[in-house]
Amino acid sequence: MADEPNLMTKHMGGPSLMMGGGSMRCELDALGGKATGSVIRLAGTAFGLTIAAEEVVEARVPPTRKVWATIGMPQLVVIQAYRMGFAITPFGAGNLLLVWIDYALPEPGLARWLARAFGGMFARWCVNNMVREIQHRQAGRP
């Protein structure tokens, strides 16, 4: 379930406060974002600005691990290039899910100031929503 790009980006698919009223759509290549080298494209708006990012799957060990990162120059608001992923490990009678993101700040100026103020909050929002979506799916909720 954590390997589904559309599930992992669902929190950005509709207007939200964290997206400044905007949203993003996820476009997958022929590999569906489920193979090393697969490309995932994100595009939309945030705070009235056009945003876009292209990601490539760097590593994938189904169903326990996946890492993907931006390629090129992402057009984002409070973070820039990023690398993120998940790992699932056995834990007691269940599993432990770790979702993480490492990101760069924009170049100096207003965008960097905004990133310092809101980048961490946005990254936590993304990670928390990804975990929540996986939990909902595991529980059989849409």
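Quick one: which residue in R25, R60 is at pLDDT 95 or above, out of contact with any Gly (no Cβ under 7 Å at 6 or more places or on another chain) and at negative phi?
When all the criteria are applied, what remains is R60.
Out of L17, L42, which single residue is of a type outside the set (D, E), open to solvent by 70 Å² or more (accessible area, probe 1.4 Å) and more than 13 Å from F86 (Cβ to Cβ)?
So the residue among L17, L42 that is of a type outside the set (D, E), open to solvent by 70 Å² or more (accessible area, probe 1.4 Å) and more than 13 Å from F86 (Cβ to Cβ) is L17.
Looking at (1) in contact with a Ser or Thr (Cβ under 6 Å, 6 or more places away or on another chain); (2) farther than 16 Å from G33 by Cα; (3) open to solvent by less than 80 Å² (accessible area, probe 1.4 Å), can you tell me which one L96 breaks?
Of everything listed in (1) in contact with a Ser or Thr (Cβ under 6 Å, 6 or more places away or on another chain); (2) farther than 16 Å from G33 by Cα; (3) open to solvent by less than 80 Å² (accessible area, probe 1.4 Å), L96 misses just condition (3).
Yes/no per residue for (1) part of a loop (DSSP other than H, G, I, E, B); (2) touching a strand residue (DSSP E or B) at 6+ places or on another chain (Cβ under 7 Å); (3) not acidic (D, E):
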residue	(1), (2), (3)
N6	no, yes, yes
P15	yes, no, yes
G37	yes, yes, yes
I51	no, yes, yes
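Kindly indicate which of M12, M19, M8 is at pLDDT below 95 and closer than 11 Å to E55 by Cβ.
Of the residues listed, the single one that is at pLDDT below 95 and closer than 11 Å to E55 by Cβ is M8.
Within the bounds of region 99-108, is there any residue that is assigned to a strand (DSSP E or B) and out of contact with any strand residue (DSSP E or B) (no Cβ under 8 Å at 6 or more places or on another chain)?
Checked against the condition, which is being assigned to a strand (DSSP E or B) and out of contact with any strand residue (DSSP E or B) (no Cβ under 8 Å at 6 or more places or on another chain), region 99-108 yields no hits at all.
Of the residues A52, A59, only one is open to solvent by less than 70 Å² (accessible area, probe 1.4 Å) and either closer than 24 Å to G120 by Cβ or polar (S, T, N, Q) (or both); which?
It is A52.
Which numbered condition in (1) within 23 Å of H136 (Cβ to Cβ); (2) open to solvent by 30 Å² or more (accessible area, probe 1.4 Å); (3) not hydrophobic (A, V, I, L, M, F, W, C) is the only one that G37 fails?
(1)
Hey, any hits in region 74-86 for a residue that's open to solvent by less than 30 Å² (accessible area, probe 1.4 Å), small (G, A, S), within 20 Å of R137 (Cβ to Cβ) and assigned to a strand (DSSP E or B)?
Yes, there is a match, as at least one residue in region 74-86 is open to solvent by less than 30 Å² (accessible area, probe 1.4 Å), small (G, A, S), within 20 Å of R137 (Cβ to Cβ) and assigned to a strand (DSSP E or B).
Might you let me know whether region 111-118 holds any residue that is free of Cβ contacts under 8 Å to residues at least 40 places away in the same chain and in a strand (DSSP E or B)? Don't jump to the end; show me each part of the working.
In the first step, residues of region 111-118 are kept if they are free of Cβ contacts under 8 Å to residues at least 40 places away in the same chain; the result is 111-117.
Applying the additional criterion that residues be in a strand (DSSP E or B) yields none.
The answer is no, given that none of the residues of region 111-118 is free of Cβ contacts under 8 Å to residues at least 40 places away in the same chain and in a strand (DSSP E or B).
Please pick out the residue among P74, P5, P63 that is closer than 30 Å to L96 by Cβ and in contact with a Cys (Cβ under 7 Å, 6 or more places away or on another chain).
P5
Looking at (1) free of Cβ contacts under 8 Å to residues at least 24 places away in the same chain; (2) among the hydrophobic types (A, V, I, L, M, F, W, C); (3) over 24 Å from A2 (Cα atoms), can you tell me which one L98 breaks?
For L98, the exception is condition (3).
Starting from residues that are touching an Asp or Glu at 6+ places or on another chain (Cβ under 8 Å), of a type outside the set (S, T, N, Q) and free of Cβ contacts under 8 Å to residues at least 40 places away in the same chain, keep the ones in region 63-73 and report whichever is surrounded by the most Cβ atoms within 10 Å (Cβ to Cβ).
The selected residue is W68.
The values are calculated or read from the model by the stated rules, or taken from the named source; none is laboratory data. Given the structure is predicted, the values throughout are model-derived calculations rather than measurements. Here Cβ is always computed from backbone atoms with ideal geometry, including for glycine, and neighbour counts include all displayed protein chains. Each accessible area value is taken on the protein alone, full model and side chains, heavy atoms only, with ligands, DNA and RNA left out. Shrake-Rupley method; radii C 1.70, N 1.55, O 1.52, S 1.80 Å.
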